[in-house]
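Input: a single structure, listed below in structure tokens.
Laboratory data are not the source of any read-out in this text; all were calculated from the coordinates shown. Since the model is a prediction, treat every value here as computed from it, not as a measurement. A quick note on method: Cβ atoms are made from the backbone with ideal geometry, for glycine too, and the neighbour counts reach across all protein chains shown.
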Amino acid sequence: MEKWLLLTVFAQVVLTSVVMVLMGRRRFKAARNKQINMAAFQTMDLRGADQQVIATGRNFDNQFQMPMLYLFSVLFILQFGLADLTFLLLGTAFVLLRIAHTVVHIGSNTLRPRFRLFVLGCVVLWVIWGRLLLLAL
């Protein structure tokens, strides 16, 4: 079960990496098209950039917020030998929700579904941590 749980971590790492590459491509394209001055990258003042550039950068930042709490939970789950099907299903749900959130955020960026996906991911993460706390005590 531990190896399957690690696959969810790998999927989150792949998601973060894909967003990073897409962010770089969108930023370079904006600079090449003169939407952003190259000097803007010194302070990351991207005010002249379009919504896609800004949203992709924000999404990349988001990958180092709640997903980090998921990664830490997996470390504790593995450390305490608690990996089971429930944690695997919850972890899979969390990562799938993060992928869906990313697709909306860097795609249409429609706020209502984006917010709902974010909140649902948070709820799944809180369930993971709550269950971890109960089983580890």
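Overview of results
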| read-out | value |
| --- | --- |
| Only one of 59, 109 that is part of a loop (DSSP other than H, G, I, E, B) and touching a residue at least 40 places away in the same chain (Cβ under 8 Å) | 109 |
| Residues of segment 79-106 classified as assigned to a helix (DSSP H, G or I), more than 18 Å from the chain's Cα centre (by Cα) and of a type outside the set (A, V, I, L, M, F, W, C), total | 2 |
| Residue tally, condition under 18 Å from residue 16 (Cβ atoms) and surrounded by 21 or more Cβ atoms within 10 Å (Cβ to Cβ), over segment 86-96 | 3 |
| Total residues in segment 107-127, condition over 16 Å from the mean Cα position of the chain (by Cα) and over 23 Å from residue 23 (Cβ atoms) | 2 |
